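A quick write-up on the structure given underneath.
The values are calculated or read from the model by the stated rules, or taken from the named source; none is laboratory data. Quick caveat, the model's predicted, so the values are computed rather than measured. Positions of Cβ are generated from backbone atoms using ideal geometry, with glycine treated the same way; all protein chains shown enter the neighbour counts.
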Amino acid sequence: MPEENIETKLPRRLFSKIIKRLNLEVQLKSTQLRLGIFGSMFVLFLVLSVVTLLGLKEVFTHSGFGNYLNLIFSDPRPILKFRESFTITILETIPGASMFIFLLVFCFLLLFIKFASFYLEKTLNLIKAIRNNTHAKNI
């Protein structure tokens, strides 16, 4: 058989379209991984916050902090007058370990919000790129 000289015409900018699509797929995989991590972080935060709030409730019921809370809302004038001694008394009433655990869970929540807001823009840009992706239809 004689060798035929068949010219195959490739679409314009085919290579750049393929590279763009591959980059889009990499970003999509990375976003799916981040969403899985954020979902598991959120579930972990919910579990930790429930345990912490139950522990704080137990500590507050045994510490007598409710009496101070009633005093704050019933008559705030003496509290404002003796605010330094009142603050020290409240800090002595609440055990430090439970407050530390509560603050630790709160910091975990703040980190979650920071990462979620940081990657939200990247995720939205990726979704926009997928929706506006006309070169994927041409490949």
Looking for something surrounded by 12 or more Cβ atoms within 10 Å (Cβ to Cβ), under 30 Å from K29 (Cβ atoms), hydrophobic (A, V, I, L, M, F, W, C) and touching a Leu at 6+ places or on another chain (Cβ under 6 Å) - is there at least one such residue anywhere in the range 40-57? yes
Among F38, F82, F100, F118, which is among the hydrophobic types (A, V, I, L, M, F, W, C) and in contact with a helix residue (DSSP H, G or I) (Cβ under 7 Å, 6 or more places away or on another chain)? F38
Which members of the range 58-76 meet the condition of being assigned to a helix (DSSP H, G or I), surrounded by fewer than 15 Cβ atoms within 10 Å (Cβ to Cβ), over 31 Å from the mean Cα position of the chain (by Cα) and of a type outside the set (A, V, I, L, M)? T61, H62, G66, N67, N70, F73, S74, P76
Residues satisfying the stated conditions in the range 31-56, i.e. hydroxyl-bearing (S, T, Y) and modelled with pLDDT under 85: T31, S49, T52
Closer than 17 Å to T52 by Cβ and either more than 15 Å from the chain's Cα centre (by Cα) or at pLDDT 75 or above (or both): which single residue out of I101, I130, I139, I88 fits that description? I101
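Assess whether K9 counts as being over 28 Å from K128 (Cβ atoms), in a helix (DSSP H, G or I), charged (D, E, K, R) and at pLDDT below 85.
Values: over 28 Å from K128 (Cβ atoms): yes; in a helix (DSSP H, G or I): no; charged (D, E, K, R): yes; at pLDDT below 85: yes.
No: the conditions fail for K9.
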Would you mind finding the one in I79, I113 that is in contact with a Phe, Trp or Tyr (Cβ under 9 Å, 6 or more places away or on another chain) and either assigned to a helix (DSSP H, G or I) or on the phi < 0 side of the Ramachandran plot (or both)? I79
